[in-house]
Amino acid sequence: MAKSIASEFTKGLWNEVPPFRLVLGLCPVLGVTTSMKNGIGMGLATTFVLLCSNVLVSLLRKVIPAKVRIACFIIIIATFVIVVEQMMAAFAYGLFLDLGVFIPLIVVNCIVLGRAEAFASKNGVFKSTADGLGIGLGFTWALGLLGAVRELIGTGSLKGDVFGMITWDFQNIFGAAFEPLGFAVQAPGAFVILGLLLCAMNLIPSK
Amino acid sequence: MEYIEIIVATIFVNNILLAQFLGNCPFLGTSKKMETALGMSMAVIFVLVMAGVMTWVIFEYLLEPYKLVYLRTIAFILVIASLVQFVEMFLKKSIPGLYAGLGIFLPLITTNCAVFGACVLNIDKELDFLPALVTSFGYAAGFGLALIIFAGLRERILLARVPKPLQDTSIALITAGVISLSFYAFRGMV
């Protein structure tokens with residue numbers, strides 16, 4: 001039992017990490033990853049929604065009638081999205097402004113609804129918790145990585161913090177002579193860099 | 001004149017797929033064949049315009065006067081979900097030809113972030129009724145245009161020899177990047 005819970009958790013971190021292995025939820029992936037800070041912030045907000053909705057859906061899975069389950073899942077998810085939205089507006093206002101429309105958009109993120117439908121509605125509460133946390137953290141590192149690559153190429157530095165708790169500040173990593181490539185932090189760069197990262201992930205075999 | 005400007009701005013300059021990154025899941029999911037891309041574009045144009053109008057009315061006359069703005073997310077998603085369901089039933093009964101054409105794309109639209117995102121953007125920009133209507137249409141048309149261009153290119157790529165690690169999604173994303181780059185040329189027009 002303990003082993004299977006651990007494996008539900010770790011599969012989200014590597015074997016099924018969205019958006020690299022499961023190509024889902026691309027809008028926030030492309031939209032907010034102009035910096036590592038925004039990527040991680042978005043990832044953590046999504047993790048919170050994913051975790052809470054997975055727990056609640058799995059607790060209610062025997063009560064919800066099959067015919068209206070999608071509508072029920074969406075209401076559960078929307079409730080937690082509102083919680084995140086209000087919390088971020090109160091405690092992380094800068095990040096709230098940076099992420100903008102993408103915070104309410106967590107409600108239509110296919111990953112959240114996909115996990116509720118494919119996993120939490122069929123499994124017990126402990127497994128669903130592990131699954132939500134694993135997929136959420138996997139999504140967070142993927143967004144953080146994409147954000148870091150784009151920020152590095154686009155500005156030459158890495159600077160930011162996670163809710164004021166952890167901060168980092170690396171200026172001119174490539175030396176002062178490096179000319180930042182603005183392309184990377186603009187819209188076309190998002191598509192191209194994500195495509196190249198996917199290609200790099202494909203080169204590493206999955207088990 | 002103002003409306004022409006909005007249309008150009010939303011279709012080309014701020015294209016919802018390529019510049020705002022909304023609705024990327026169906027962009028990659030339904031673009032492998034031209035047929036499905038066309039079906040999806042039509043369904044999005046249809047639903048987005050209606051959803052834009054409905055959510056605007058609900059926000060302006062229900063949420064705002066009663067100070068329920070914080071319920072926006074849940075209200076909008078419910079409106080869109082029930083609208084999609086309603087449109088589906090209506091089309092099935094009265095216009096079966098169109099229903100058969102749109103087919104499975106209608107239910108998929110509920111979780112299409114382009115629809116939800118466009119509605120939220122309309123409200124965030126505090127547009128009036130008619131501009132909101134035209135903006136919704138422009139976003140939807142831009143979605144259709146980008147999706148159809150992309151589907152055409154992907155059909156061509158199927159014939160090309162792509163290196164193995166780049167195949168499928170990876171090359172599709174890079175192609176999307178190139179299209180996005182070409183749309184960049186419209187910047188500064190409006």
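No value in this document is a laboratory result; all are computed from the given coordinates. Not measured: the values here are computed from a predicted model. Ideal geometry is used to build each Cβ from the backbone, glycine not excepted, and the neighbour counts take in all protein chains shown.
On the given criteria, is A:Trp168 surrounded by fewer than 19 Cβ atoms within 10 Å (Cβ to Cβ) and under 20 Å from A:Arg21 (Cβ atoms)? Step through it out loud before you land on a result.
Details: surrounded by fewer than 19 Cβ atoms within 10 Å (Cβ to Cβ): yes; under 20 Å from A:Arg21 (Cβ atoms): no.
When the stated conditions are applied, A:Trp168 does not pass them.
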Exercise for the section: Please find, within segment B:134-190, the residue that is farthest from B:Ile7 (Cα to Cα) out of those that are among the small types (Gly, Ala, Ser), buried (at least 20 other Cβ atoms within 10 Å of the Cβ) and free of Cβ contacts under 8 Å to residues at least 40 places away in the same chain. Expected result: B:Ser170
Exercise for the section: Might you let me know whether segment A:114-125 holds any residue that is farther than 30 Å from A:Lys67 by Cβ, of a type outside the set (Gly, Ala, Ser) and assigned to a helix (DSSP H, G or I)? Expected result: no
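I need the full set of residues from segment B:144-165 which are touching a Leu at 6+ places or on another chain (Cβ under 6 Å) and under 30 Å from B:Ala75 (Cα atoms), in order please. First the steps, then the outcome.
As a first pass, look at segment B:144-165 and keep what is touching a Leu at 6+ places or on another chain (Cβ under 6 Å): B:146, B:165.
Selection gives B:Ala146 alone.
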Completion exercise
Filtering helices (runs of 4 or more DSSP H) wholly in segment A:1-63 for at least 1 residues that are charged (D, E, K, R) gives A:2-13, A:36-59
Exercise for the section: Please state which of the following conditions A:Pro188 fails to meet, knowing it meets all the rest: (1) surrounded by fewer than 18 Cβ atoms within 10 Å (Cβ to Cβ); (2) more than 17 Å from the chain's Cα centre (by Cα). Expected result: (1)
Practice task
Run down A:Leu137, A:Leu146 and say which single residue is more than 14 Å from chain B (Cβ to nearest Cβ) and under 24 Å from B:Asn24 (Cβ atoms).
Solution key: A:Leu137
Problem - Listing of helices (runs of 4 or more DSSP H) fully contained in segment B:31-121 that carry 2 or more residues being more than 21 Å from A:Ile111 (Cα to Cα) and without any contact (Cβ under 8 Å) to a residue 24 or more places away in the chain - result: B:34-58, B:72-94, B:96-102
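Return the only residue of B:Gly97, B:Gly142 being more than 22 Å from A:Cys72 (Cα to Cα), within 14 Å of chain A (Cβ to nearest Cβ) and of a type outside the set (A, V, I, L, M, F, W, C).
Values: B:Gly97 fails: within 14 Å of chain A (Cβ to nearest Cβ).
Testing whether each residue is more than 22 Å from A:Cys72 (Cα to Cα), within 14 Å of chain A (Cβ to nearest Cβ) and of a type outside the set (A, V, I, L, M, F, W, C) leaves just B:Gly142.
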